[in-house]
1. What residues have an amide H closer than 5 Å to that of A94, excluding those fewer than 5 places away on the same chain, when H is modeled at 1.01 Å from N in the peptide plane?
2. If you put +1 on each Lys and Arg Cβ and -1 on each Asp and Glu Cβ, how big is the dipole of the range 117-248 around its Cα centre, in Debye rounded to 20?
3. For the chain, modelled as a Gaussian network with Cα springs under 10 Å, which listed residue fluctuates most, G135, G14, G74?
4. Take the residue pairs K102/K241; K102/K221; K120/K221; K120/K207; K136/K207 and return only those whose Cα atoms are more than 31 Å apart.
5. Can you tell me which aspartates and glutamates have their Cα less than 17 Å from the Cα of K116? Leave out same-chain residues fewer than eight positions away.
6. Which ordering of L31, L98, L191 is given by a fewest-first count of other beta-carbon atoms within 10 Å?
7. Could you give me the ³J(HN,Hα) list for the range 219-227, computed from phi with Karplus coefficients 6.51, -1.76, 1.60 and θ = phi - 60°, whole Hz, x at Gly and Pro?
8. State the percent of C-alpha pairs, over all pairs in the chain, separated by a distance greater than 25 angstrom.
Amino acid sequence: MSTLLLIHAFPLHGGMWTPQRTALAGHADILTPDLPGFGTEPRLDGEEFSMELAARFIEEHLATRNIERCVIGGLSMGGYIAFQCWKLFPERIAGLILADTKASEDTAEAREGRYKAMEKIGAGQYDAYIDELMGKLLAESTRNERPDVEARVKSLIHESQQESLSPALLGMAGRPDSTPLLSTIDVPVALIFGEHDAITTTDEGHKMAEAIPNAELTIVKNAGHLSSMENPGEFNAAVIKLLERVGS
Ligand code: MLT
């Protein structure tokens, strides 16, 4: 059975992939590591969080388990890191899942937003920041009709380490433009986007579908930015399809 390694979004942790671990267990061996400073994983001493550092951490995670090649998937920040994985060790990657993410670097406005968020967190307004973020992470329909999903997202965020948020915001603000990589991706790719994603809109998915040679785009209904948690049924079906394409 092939291995599927899933990289979590900001500011959650590997526990966000529970619906995939449960439903996809018969299709792949699933790894859902916490990134350094998230969940229970300690921060790396003296190193600044960056997408490259996180990709190196993933490479090490695979190497210590003697996994030579696998499918790598990432949602949002996890996708930014998946691009770096492709850049740094493509030989280990049999397929890619890029969910609710984008290849481009931050605009000046997006960077400004991150610096403001860091100020807020630094000023002790962590709860206010998380409340604001919740409105962007989930579709309105999820918030209105699926209080269990919202509660789960909140608890995943609160389980992450508060002091890791600002370094990760800084790391995302400084991430490189991955657009030049798109045409070099020569393995099967699943692009999966929540139809109501307010952070990385479906336009990003369409753009990447045009630029990546072997990509299939799935728009997940009744879902926002956290499509894997908001509509795991449709998300998982797209993952299974990708695993079949990789295996054939
Ligand atoms: C995420 O979900 O990982 C973040 O929203 C990504 C971002 O802020 O760009």
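Just so you know, all these numbers are worked out from the coordinates, no wet-lab data involved. These figures come from a predicted structure and were not determined experimentally. Here the Cβ is made from the backbone with ideal geometry for all residues, glycine too, and neighbour counts use every protein chain on show.
1. Distant-sequence amide H within range of A94: C70, V71, I72.
2. 160
3. Highest fluctuation among the options: G135.
4. K120/K221; K120/K207
5. Reachable aspartates and glutamates: D106, D127, D131, E132, E163.
6. Final ranking by Cβ density, sparse to dense: L31, L191, L98.
7. Using θ = phi - 60°, the values come out as 9, 8, 6, 6, 8, x, 6, 9, 4 Hz.
8. The share of Cα pairs beyond 25 Å in the chain comes to 37 percent.
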